[in-house]
1. Condition first: in a loop (DSSP other than H, G, I, E, B) and in contact (Cβ under 8 Å) with a residue 12 or more places away in the chain. Now tell me which residues in segment 70-88 satisfy that.
2. Which condition number does residue 141 fail, the rest of (1) touching a Ser or Thr at 6+ places or on another chain (Cβ under 7 Å); (2) surrounded by 15 or more Cβ atoms within 10 Å (Cβ to Cβ) being met?
3. What is the residue count in segment 128-146 for residues that are in a loop (DSSP other than H, G, I, E, B) and within 23 Å of residue 156 (Cβ to Cβ)?
4. Any idea which of 156, 130, 67 is surrounded by fewer than 16 Cβ atoms within 10 Å (Cβ to Cβ), closer than 30 Å to residue 15 by Cα and either in contact with a helix residue (DSSP H, G or I) (Cβ under 8 Å, 6 or more places away or on another chain) or free of Cβ contacts under 8 Å to residues at least 40 places away in the same chain (or both)?
5. Taking the criterion of being within 21 Å of the chain's Cα centre (by Cα), polar (S, T, N, Q), within 30 Å of residue 147 (Cα to Cα) and at pLDDT 95 or above, would at least one residue in segment 83-101 satisfy it?
6. Among all residue pairs at least 6 apart or on different chains, which show Cβ distances below 9 Å where the first residue, located in segment 25-45, is in a loop (DSSP other than H, G, I, E, B) and the second is open to solvent by 50 Å² or more (accessible area, probe 1.4 Å) and of a type in the set (S, T, N, Q)?
7. Taking the condition of being farther than 28 Å from residue 74 by Cα, out of contact with any helix residue (DSSP H, G or I) (no Cβ under 9 Å at 6 or more places or on another chain) and not in a helix (DSSP H, G or I), how many residues in segment 90-127 meet it?
Amino acid sequence: MSTNARNARPGAHLEPLDAIDERLLAALVADARISNKQLAELVGIAPSTALMRTRALSERGIVQGYEAKLNLSAIGRSVQALVAVRLRAHDRDQIDRFTGRVPHLPAVLSTFHTSGSVDYLLHIAVATTEDLRDWVLDNLATDPVVGHTETTLVFEHIQGNHGPLPD
């Protein structure tokens, strides 16, 4: 993947999506493991065209990757939480220190940089509530950059769309 595609911001691509691109994206969102041959048949284009257009969507930064979706309970991480984090100060060094470390910790599934009363919202998964407590204490409460945290248990995570498409 090119550096431009990796660093692309939403809406940064210049070419609008056409109907074929939208059908390709819808099929990939529904089944990212679909073979190129099946993708081409589903969309009604030649396999070489499907391959070329899928590569172009990746190069433009529209398709940013493919990943396995895990059953967290099956791998021993059945306790999920959202942890709201407020930093002590909002200078670049502290922000960089936080974002350079915390999002990469193994328990962190997602990190959202937010506006409002908190600076970050972390979605984490651990094995037990004791592990959750220890994770917050070990990774956030003892971090001099972090001013305040608030933890909310997740009872159920209901997935939304993985790639909303234009109407």
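1. 72, 76, 77, 78, 88
2. The single condition residue 141 does not satisfy is (2).
3. Counting residues in segment 128-146 that are in a loop (DSSP other than H, G, I, E, B) and within 23 Å of residue 156 (Cβ to Cβ) gives 1.
4. 67
5. yes
6. Close Cβ pairs satisfying both conditions: 31/38.
7. Number satisfying all stated conditions: 7.
The values are calculated or read from the model by the stated rules, or taken from the named source; none is laboratory data. In this text the structure is predicted, and so the values were computed from the model without any measurement. Here Cβ is always computed from backbone atoms with ideal geometry, including for glycine, and neighbour counts include all displayed protein chains. Accessible surface is based on the protein model in full, side chains and every heavy atom, while ligands, DNA and RNA are left aside. Shrake-Rupley method; radii C 1.70, N 1.55, O 1.52, S 1.80 Å.
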